[in-house]
Amino acid sequence: MRFLNDPMMLVLMLPAILWGISFHEFCHAYAAKLAGDPTAERHGRLTLNPMSHFDLWGTLMIVFAGFGWAKPVPINTRYFRNPRRDMFMVSIAGIAGNLLTAAVCVLILRFLGDFILATTGRTGIIMVQMMFHINIALAAFNLIPIPPLDGSKIVYSFLPFGALRYYYWLEQYGWFILIALLVTGIIGVILSPIMNVMRSILFLLA
């Protein structure tokens, strides 16, 4: 990757990574609180402090592969008033947070791009672009319906009760499936079209 030859690129990437994972998990925690579950707040996860959400391997994956994860927010569904609905809202909240960040980046580039370029040069533009791309990557990655990613919990919210046992069976093998997809490179093939659609929609709407 480019930053391996240019350490400054890694420095410029770090704010985007820290914000992307922190805001993603904060949105999960906040949505859970709105649904009546105080677990995440009690564990100190209702915060934008990146150290509260930091996961070493997930962060390294973002740096080297362009997508990754943070430490999952603890959720107790027994507090939910409507477990399926509330699980869906909590699960989609992190993805929505990343897409919101990406949309703001598009607006910044569109309306303030010339100002940023004039005041900071290419450095400021690159930082905003990295913020956009990393948040798109996080949103797309978390849509994959494999446990423990958010996409699996979104699918869980709509599964008929008879099919839940298959979901629980898949849950125990989720990480192995993800590792296999990463090692084989298949995950890039899956994510590329999703990210392209997200980019196109955001550029049309913003």
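The values are calculated or read from the model by the stated rules, or taken from the named source; none is laboratory data. The structure presented is a predicted model; accordingly, all values stated were derived computationally and were not measured. Cβ placement follows ideal geometry from the backbone for every residue including glycine, while neighbour counts extend to all protein chains displayed.
Mind counting the residues in the stretch 34-52 that are buried (at least 17 other Cβ atoms within 10 Å of the Cβ), modelled with pLDDT of 95 or more and not hydroxyl-bearing (S, T, Y)?
Residues in the stretch 34-52 being buried (at least 17 other Cβ atoms within 10 Å of the Cβ), modelled with pLDDT of 95 or more and not hydroxyl-bearing (S, T, Y): 5 in total.
Just to be sure I understand, how many residues within the stretch 61-79 are under 17 Å from I95 (Cα atoms) and not small (G, A, S)? Please lay out each step first, then the result.
Quick first cut of the stretch 61-79, residues under 17 Å from I95 (Cα atoms) only: 62, 66-75.
The next check asks that each one be not small (G, A, S); those that pass are 62, 67, 69, 71-75.
So the count comes out to 8.
Kindly provide the set of residues from the stretch 189-206 that are in contact (Cβ under 8 Å) with a residue 24 or more places away in the chain and surrounded by 11 or more Cβ atoms within 10 Å (Cβ to Cβ), ordered by number. Walk me through how you get there before you give the answer.
At the first step, the residues of the stretch 189-206 found to be in contact (Cβ under 8 Å) with a residue 24 or more places away in the chain are 190-191, 194-195, 198-199, 202-203, 205-206.
I190, L191, I194, M195, M198, R199, L202, F203, A206, listed by residue number.
I'd like the full set of residues that are more than 19 Å from A93 (Cα to Cα) and either at pLDDT 90 or above or touching a Lys or Arg at 6+ places or on another chain (Cβ under 7 Å) (or both), limited to the stretch 150-173.
Across the stretch 150-173, the qualifying residue is only Y173.
Select from the stretch 93-123 the residues that are small (G, A, S), more than 11 Å from the chain's Cα centre (by Cα) and surrounded by fewer than 17 Cβ atoms within 10 Å (Cβ to Cβ) and list them in ascending order.
Residues satisfying the conditions are G113, A118, G121.
Listed here are the residues, each with its yes/no results for (1) within 15 Å of M198 (Cα to Cα); (2) of a type in the set (V, I, T); (3) in contact with a Gly (Cβ under 7 Å, 6 or more places away or on another chain).
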position	(1), (2), (3)
I75	no, yes, no
L100	yes, no, no
F158	no, no, no
Q172	no, no, no
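Would you pick out the residues in the stretch 53-77 that are at pLDDT below 95 and loosely packed, with under 14 Cβ neighbours inside 10 Å?
L56, W57, L60, F64
Output the residues belonging to the stretch 57-77 that are touching a residue at least 40 places away in the same chain (Cβ under 8 Å) and in a helix (DSSP H, G or I).
Here is the first cut: in the stretch 57-77, the ones touching a residue at least 40 places away in the same chain (Cβ under 8 Å) are 59, 61-73, 75, 77.
Across the stretch 57-77, the qualifying residues are T59, M61, I62, V63, F64, A65, T77.
Per-residue answers, yes or no, for (1) over 28 Å from I190 (Cα atoms); (2) of a type outside the set (G, A, S); (3) in contact with a Pro (Cβ under 9 Å, 6 or more places away or on another chain):
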{"residue": "L10", "(1), (2), (3)": "no, yes, no"}
{"residue": "I21", "(1), (2), (3)": "no, yes, yes"}
{"residue": "N49", "(1), (2), (3)": "yes, yes, no"}
{"residue": "W57", "(1), (2), (3)": "no, yes, no"}
{"residue": "M61", "(1), (2), (3)": "no, yes, no"}
{"residue": "R78", "(1), (2), (3)": "yes, yes, no"}
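Quickly run through the stretch 173-199 and pick out the residues that are of a type in the set (S, T, Y) and either under 15 Å from L149 (Cβ atoms) or under 18 Å from the mean Cα position of the chain (by Cα) (or both). Reasoning before the result, please.
Step one: of the stretch 173-199, the residues of a type in the set (S, T, Y) are 173, 184, 192.
Matches in the stretch 173-199: Y173, S192.
What pairs come out if I take residues in the stretch 128-143 that are free of Cβ contacts under 8 Å to residues at least 12 places away in the same chain and on the phi > 0 side of the Ramachandran plot and pair them with residues that are charged (D, E, K, R) and surrounded by fewer than 24 Cβ atoms within 10 Å (Cβ to Cβ) whose C-beta lies under 7 Å away, six or more apart or interchain?
Cβ pairs passing all conditions: none.
Give the stretch 78-107 a look and list any residue that's in a helix (DSSP H, G or I) and aromatic (F, W, Y), or say none. Before you say what the answer is, go through the steps one by one.
Going residue by residue through the stretch 78-107, those that are in a helix (DSSP H, G or I) are 78-79, 83-107.
Correct list: Y79, F88.
Does F54 qualify as being out of contact with any Phe, Trp or Tyr (no Cβ under 9 Å at 6 or more places or on another chain), assigned to a loop (DSSP other than H, G, I, E, B) and not basic (K, R)?
Numbers: out of contact with any Phe, Trp or Tyr (no Cβ under 9 Å at 6 or more places or on another chain): yes; assigned to a loop (DSSP other than H, G, I, E, B): yes; not basic (K, R): yes.
Judged against the criteria, F54 is a match.
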